[in-house]
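Structure first, commentary second.
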Amino acid sequence: MIDCLIKKNVDFNLMFKIMKKEIKFYDTLCVPIIVFLLLTITSCKEQIIEPNVAMSSVTEYYVSVSGNDYSSGTQTQPFRTINHALSVAGPGATIFVRQGTYVEKVNFTSSGTSGLPITLKSFPNEKATISGCGLSVTGHEALMRLSSISWINIEDLEICDLRTSSGGNMVDGILINGASSNITIKNCHIHNIENNASPSVGREGHAINVIGNSTLPITSISIENNIIHDNNTGTSENLTINGYVSDFVVSGNQIYNGENIAICIAGGYLGNSNPLYNYARNGVIKENNIWNIDGRTGPVPTLQSIAGTIGIYIDGARYITVEKNRVRDSDRGIGLVSENNDFPTQYCIVRNNFIFCNRAEGILMGGYSGYTGGGTIGCIITNNTLYENARELGYYGEEVGEIRLNTNCSYNEIHNNIIYARYDRGMFVRKNDSTGIFNGINYNLYYTTGSSTKWLWNGAVCNTFASWKGSSGGDSNSLFQNPQFLSLSPFSLNLSSSSPAINIGYNGHGASAGLFDIDNQARYNGIIDIGADEFY
């Protein structure tokens, strides 16, 4: 009856008067009943007229530097802080941050769900900046932290200016740890994340740091189309994925002006205490553009004294594909190496990359002599174009080579690569010592404009192509010819129609060369071409 009365919008005051008049002689008995009935009806009426709607059901929130955290968070009454917006946002919510600078350390406290992620982004056609300018740093701090958080999109934000000069601190632009999953970071601009402490007391920092430090893996991480530059990372890296992390993609990023490694995929460090979990796996590093990663720009002695930093560094990880990247004008190009004895780099593919004009090796493999014996096992180096790397001599005054194999390289394949050495160096491949077994090398194209040609196999120098084939037992189907690039001025490492690299590659590795070349053209156009470019 109560529901019916409420739905019909009955005038309860009039009803009370009628009832009281009609049953006047029953006042003593009826009034308590009527009062109870009216209180019940009034209570129901209030709940229906004024429903209590949870804020988490709202799908859009707005944040502005002119807002107020006591407001409703609408476009006309925005919040003031990003953290407050995150504290009320639920699955499916989008937080639009209006243009301006927000000096706060952002902490994600809630997860989205599959199909209903939480999105934090700049308002369309505006750029919001999350700044650490003036914020204190104690221990390990980040401008944006996601700990055991899932289903999050972070888009179109500038993240910058978190600094420390105190030893033992670590600063990150974005930190993801715990058992996080399904996080996308895209179209962000991350710069001036700086640890300015002396290396002797600890100098570490990252633009983006993903640490799998839980018994559950971090999974489904996508880091795409970001601009990352001018960060002082010390002995750390610009973009790091370390520990128990699986199924991730790092794509389309521009990373430049760094004092240490641009992209590091690692295992064997302090990411996870369980050695079964303590390495990154099943990742793709693709279509990134990396330049000016130069250890001389920072104060770390070992990085200053040798060409020690590297563009893309796979260190103790497994099942990583590195493809369609451009790495140039840095200390080194791409590394499949190991700094930890118990964590060799295993089962990785490096394919369809342009690697050019770096100070030292274009591609580096193995452990470090006298330092670690972890090595490189079961990896494939195929269809890359290496051009005039090794501009400088190595730590011992040696010619380092376009491709270098250090200690404990076994069961690796090096096929279908263009290896174009500098005219004043002429070192193509350098295998330092006799450690490691069953490394295959074939179907490559070599060239230099200089008069000197050199290879090194198991420590022995080979000065002719013929002696190299005999010593290495490989390259029986390889060529020594000018690859006839499309143009060196303006610069293009694509193949011209007259290139001898066309249709002479090795198709036997099947899918290992990938379905597409560096320009995303179909890789298999008859017999595969040598190098990163498939001619059309």
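The values are calculated or read from the model by the stated rules, or taken from the named source; none is laboratory data. This one's a predicted model, so the numbers in the text were calculated from it and none came from an experiment. Positions of Cβ are generated from backbone atoms using ideal geometry, with glycine treated the same way; all protein chains shown enter the neighbour counts.
Scanning the stretch 485-494 for residues that are surrounded by 13 or more Cβ atoms within 10 Å (Cβ to Cβ) and among the hydroxyl-bearing types (Ser, Thr, Tyr) yields a single hit, SER492. The set of residues in the stretch 495-533 that are surrounded by fewer than 18 Cβ atoms within 10 Å (Cβ to Cβ), modelled with pLDDT of 95 or more and on the phi > 0 side of the Ramachandran plot comprises ASN503, ASN520.
Considering only residues that are in a loop (DSSP other than H, G, I, E, B) and free of Cβ contacts under 8 Å to residues at least 60 places away in the same chain, look in the stretch 374-390 and name the one that is surrounded by the most Cβ atoms within 10 Å (Cβ to Cβ).
Initial filter on the stretch 374-390 (in a loop (DSSP other than H, G, I, E, B)): 374-375, 378-379, 383-384, 388-390.
Adding the requirement that they be free of Cβ contacts under 8 Å to residues at least 60 places away in the same chain leaves 378-379, 388-390.
Working: GLY378: 16, CYS379: 25, GLU388: 19, ASN389: 32, ALA390: 29.
Result: ASN389.
I'd like to know if the stretch 318-326 contains one or more residues that are part of a strand (DSSP E or B), in contact with a Pro (Cβ under 8 Å, 6 or more places away or on another chain) and over 27 Å from ASN503 (Cα atoms). No, the stretch 318-326 contains no residue that is part of a strand (DSSP E or B), in contact with a Pro (Cβ under 8 Å, 6 or more places away or on another chain) and over 27 Å from ASN503 (Cα atoms).
Considering only residues that are within 16 Å of ILE152 (Cβ to Cβ) and of a type in the set (A, V, I, L, M), look in the stretch 212-240 and name the one that is surrounded by the most Cβ atoms within 10 Å (Cβ to Cβ). So the residue we want is ILE218.
Taking the stretch 89-147 as the range and being without any contact (Cβ under 8 Å) to a residue 24 or more places away in the chain and touching a Pro at 6+ places or on another chain (Cβ under 9 Å) as the test, only GLY115 passes. Set side by side, the residues THR76, THR101 differ, and just one is of a type outside the set (A, V, I, L, M, F, W, C), farther than 29 Å from GLY173 by Cα, surrounded by fewer than 17 Cβ atoms within 10 Å (Cβ to Cβ) and modelled with pLDDT of 95 or more, which is THR76.
Looking across the stretch 408-424, the residues that are out of contact with any Lys or Arg (no Cβ under 8 Å at 6 or more places or on another chain) and either modelled with pLDDT under 95 or surrounded by fewer than 21 Cβ atoms within 10 Å (Cβ to Cβ) (or both) come down to SER410, TYR411, TYR423, ASP424. Considering the stretch 427-536, the qualifying strands (runs of 3 or more DSSP E), each wholly inside and each with 3 or more residues that are under 31 Å from the mean Cα position of the chain (by Cα) and over 17 Å from ILE381 (Cβ atoms), run over 491-495.
Among the residues that make up the stretch 347-365, is at least one of them closer than 15 Å to SER472 by Cβ, in a strand (DSSP E or B), modelled with pLDDT of 95 or more and hydrophobic (A, V, I, L, M, F, W, C)? Within the stretch 347-365, one or more residues are closer than 15 Å to SER472 by Cβ, in a strand (DSSP E or B), modelled with pLDDT of 95 or more and hydrophobic (A, V, I, L, M, F, W, C).
Cβ-Cβ distances below 7 Å connect the following pairs, each with a first residue in the stretch 514-527 that is under 15 Å from ILE285 (Cα atoms), a second residue that is among the acidic types (Asp, Glu), and a separation of six or more residues or different chains: GLY514/GLU323; ASP517/ASP533; ASP517/GLU534; ILE518/ASP533.
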